Amino acid sequence: MRINFQAIKVIYKYEMLRAWKTLFQSLASPVISTALYFVVFGSAIGSRIDTIEGVSYGLFIVPGLTMLSLLTQSIANASFGIFFPKFTGSIYEVLSAPVSFFEIMVGYVGAAASKSFVLGVVILITASFFVDLKIAHPVWMATFLILTCISFSLFGFIIGLWANNFEKLQIIPLLIITPLVFLGGSFYSVSMLPPFWQTVTLFNPVLYLVSGFRWSFFEVSDVNVGLSLGMIVFFLVACLAVISWMFKTGYRLKE
């Protein structure tokens, strides 16, 4: 199959230019939110907790805080990116063009993942002003960061295709993703929970993302690192399969 790189470039560039118009807002918001989290969690709560698995609490929450923003922003960027053309009707111009679903997906998802990756870097830089941030495995950290941005941008793309109004666009991130992140060991170690809740937490997919990402920083994790990586890859492949089916069947695209 011959890939139309020009079509991918046009979609990607359009989405990135749209984000550029709100660049200050996009960067100022995570910086302020990160600072507030460190003031509340790092200072107020961290002063009452010595260390978690040998890591100071202020350091311990950095991977979880980064994941919280990455997941929500990746979903928001990708879902709105494809939903807005559906809402305005301009999606039909894209669908009628000689562009495959793969090229459309790469353009929109690539832009959303790029914006999320920049956001993740900004959060880590901001965190370094509050704590002495050191990364044990930079390559693995970047790998987890990139895979998370791509996989949840794909998930957001699915939500954008599925949603037929703005309420549905927000319901999954607000009622499902955000609670899963908070309950997935973002700001605490699963070992701190009672045995029953430790078992329950293992069914939370976000736990594996946060745990693997935290391992790349401090070499401590709640689950096996290989399992964390496998879960991310599995989720990414599953999202690709769902998007392929939605385009082939025209689900929510022909309405």
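Nothing in this text is a laboratory measurement; each read-out follows from the coordinates by a stated rule. Fair warning: this is a prediction, and the values are worked out from it, not measured in the lab. FYI the Cβ positions are ideal-geometry reconstructions off the backbone, even for glycines, and counts take in every protein chain you see.
Of interest is the spacing of the C-alpha centroids, which for segment 74-121 and segment 132-188 amounts to 16 Å. Peptides 120-127, 4-11, ordered by how many other C-beta atoms sit within 10 Å of their residues on average, highest first, read 120-127, 4-11. Could you compute the FRET efficiency for Ser56 and Lys168, with r as their C-beta to C-beta distance and R0 at 51 Å, rounded to 0.05? About 0.80, to the nearest 0.05. Counting neighbouring beta carbons within 10 Å and listing from fewest to most, the residues Met246, Met192 come out as Met192, Met246.
Let me spell out the model: positive unit charges on the Cβ of Lys and Arg, negative unit charges on the Cβ of Asp and Glu, origin at the Cα centre of the chain. What dipole size does that give, in debye rounded to 20?
Working: 14 positive and 10 negative charges, 148 e Å.
Using only the charged Cβ atoms, the result is roughly 720 debye.
Using a cutoff of 8 angstrom between alpha carbon atoms and counting only pairs six or more residues apart, the relative contact order for the chain works out to 26 percent.
Partners of Lys9 within straight-line reach, counting aspartates and glutamates whose Cα lies under 18 Å from its Cα and excluding those fewer than 8 residues away in the same chain: Glu93, Glu103.
Membrane-span-like helices in the chain, defined here as complete DSSP H runs extending at least 30 Å along the helix axis by their C-alpha atoms with mean Kyte-Doolittle hydropathy no lower than 0.0, are 57-88, 101-128, 138-162, 225-249; this is a sequence and geometry rule, not a statement about a membrane. Partner lysines whose Cα lies under 24 Å from the Cα of Lys168, excluding those fewer than 8 positions away in the same chain, are identified as Lys86, Lys115, Lys248, Lys254.
The listed peptides 34-40, 203-209, 14-20, 65-71, ordered by packing as a protection proxy, come out as 65-71, 203-209, 34-40, 14-20 (highest mean of other Cβ atoms within 10 Å first).
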